[in-house]
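Structure first, commentary second.
Just so you know, all these numbers are worked out from the coordinates, no wet-lab data involved. Computed from a predicted structure; not experimentally measured. Cβ coordinates were reconstructed from backbone atoms using ideal geometry, including for glycine residues, and neighbour counts include every protein chain displayed.
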Amino acid sequence: MKLSSLSFAFLLIAQFTYGQYNPEKPDLCQGKFYTEEDAKNLHADFAKRYSDKKSWEKHVKEIRQGILDGAELSNFTFKKPTNIVIHSKKDLNGYSVENVSFQSIEGIYVTGNLYRPIEISGLPPKGKSAGILCPHGHGTDPRFAAYTQQRCATLARMGAVVFAYDMIGVGDSKQSDHKIDKALKLQIINGKAALDFLLDLPNIDKNRIGMTGESGGGTQTFVLSAIDDRIKVSVPVVMISGYFFGGCTCESGMAIHKRPTHQTTNVEIAATFAPKPMILISDGGDWTVNTPTMEYPYIKNVYSFYGAENMVENVHLANEKHDYGISKRLAAYPFLAKHLKLDLQKVIVDGKIDESANKILSHAELQVFDEKHPRPANAVQGNEAVMALLVKK
């Protein structure tokens, strides 16, 4: 693609005026790539490239194509998940939990838990349900953690069908280490497959699909939301930053930010979701510290091109740190309820959202692969085998 003189000038500014240039990885923006001040100046320069819906949407096409090109997915054919197994259903208080695996590409399996609303009678709710993808952040098997279960169970009790799935290399998805070089590529493939799985479940309203995750799961949320129009509501938690690009290969290990045609940031990637509903949940203890004064106003300005400033929000918890704890969940629930038409009243007790009806299940209860349900025989194992498959694909 031929660059205009203006685009070329901005590209040079971004590459050489701002950021920590790494000669060993010149195409990557990783970690705290900019200083906070440089990020502000860079985005002020970026904002000169678009002033209305038409000029912004031209740039959106660059950003989306840049993600696909940088993640080596521009010529990739995304296929429906296969070898779907759903087992070990547990009926709880207003919701059920099942253990799930399916094949995203031949030899690679996505693993997770499916939370579905149930009525007191034990029968499925009438009509179609909203669907929500819930990727998680980094940690020791976060899908099994209480905070992930609380989020998914509460949303299911509100009427959503929720799918929480593993990052690669954690939980039941241990076919390779997490930090393989093409982790970003594989997690986009798995995210697409997870979305297909969710949409193909019975009685899912395809116009009421949301996605929410924290930290690395926040990155998965705004990246997948940028390239897949089927996601209608986006809730990235404690992740969107103008100067931080994610510290893991699954977030910034492939060249989705620096392209021959342009340079972008996670702020711009998140803004591609305009004018659909999005809430940024941030805190004072990590790289989202400046969200109320920098990232949120920047994204809100993009929403103004559509006359949709009221569709983007920010809840900033200045005294909190990096997590998807109760305060963040209490910010997310009303927003998701409003825009996905969920029943918030089902989780309110004495005027407040109450998670006490949720049951925290054990690792064994949520485990996908066990003696009765072994990992499929065709699942590839080891970093080299997984990388070879991704290079081939």
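Odds and ends about this structure:
- Candidates Gly159, Gly169, Gly253: whichever shows maximal mean-square fluctuation once the chain is modelled as a Gaussian network with Cα springs under 10 Å: Gly169
- In range of the label at Val289: residues from the range 228-258 whose backbone nitrogen is under 20 Å from the point 7 Å along Cα→Cβ: 237-248
- Modelled spin-label separation between Asn75 and His363, with each label point placed 7 Å from Cα along the Cα-to-Cβ direction: 4.3 nm.
- Label corresponding to Rg/Rh (Cα atoms, Kirkwood Rh) when calculated from the structure given, among [x] 1.05; [y] 1.20; [z] 0.96: [z]
- Gap separating the Cα centres of the range 82-121 and the range 350-368, nearest whole Å: 16 Å
- Principal axis extents of the C-alpha atoms in the range 122-179 (largest first, rounded to whole Å): 42, 20, 18.
- Amide N of the range 290-312 lying under 19 Å from the label point, which is placed 7 angstrom from the Cα of Lys58 along Cα→Cβ: 302-306
- Taking other residues whose beta carbon is less than 9 angstrom from the beta carbon of His322, and scoring Lys, Arg as +1 and Asp, Glu as -1, yields -4.
- Panel values: the range 27-175, Kirkwood radius from alpha carbon pairs, Stokes-Einstein at 37 °C and 0.692 mPa s, translational diffusion coefficient 174 µm²/s.
- Quotient of the Cα radius of gyration of the range 218-318 and 2.2 N^0.38 Å, N being its number of residues: 1.01.
- Of the residues Cys248, Ile209, Val237, the one whose Cα sits farthest toward the positive end of the charge dipole of the range 203-252, with +1 on the Cβ of Lys and Arg and -1 on the Cβ of Asp and Glu, is Ile209.
- Subtracting the Cα-Cα distance of Lys48 and Ile348 from 0.36 nm times their residue separation leaves 103.4 nm of extension gain.
- Added length on full extension, which subtracts the Cα-Cα distance from 0.36 nm per residue, Asn383 to Glu106: 98.2 nm
- Stretchable slack from Ile326 to Lys89, in nm (0.36 nm times residue separation minus alpha-carbon distance): 82.7 nm
- Sorting the segments 355-361, 376-382, 191-197, 320-326 by their mean number of nearby beta carbons within 10 angstrom, highest to lowest, gives 191-197, 320-326, 355-361, 376-382.
- FRET efficiency, 1/(1 + (r/R0)^6) with R0 45 Å, evaluated for Lys40 and Leu201 via beta carbons: 0.55
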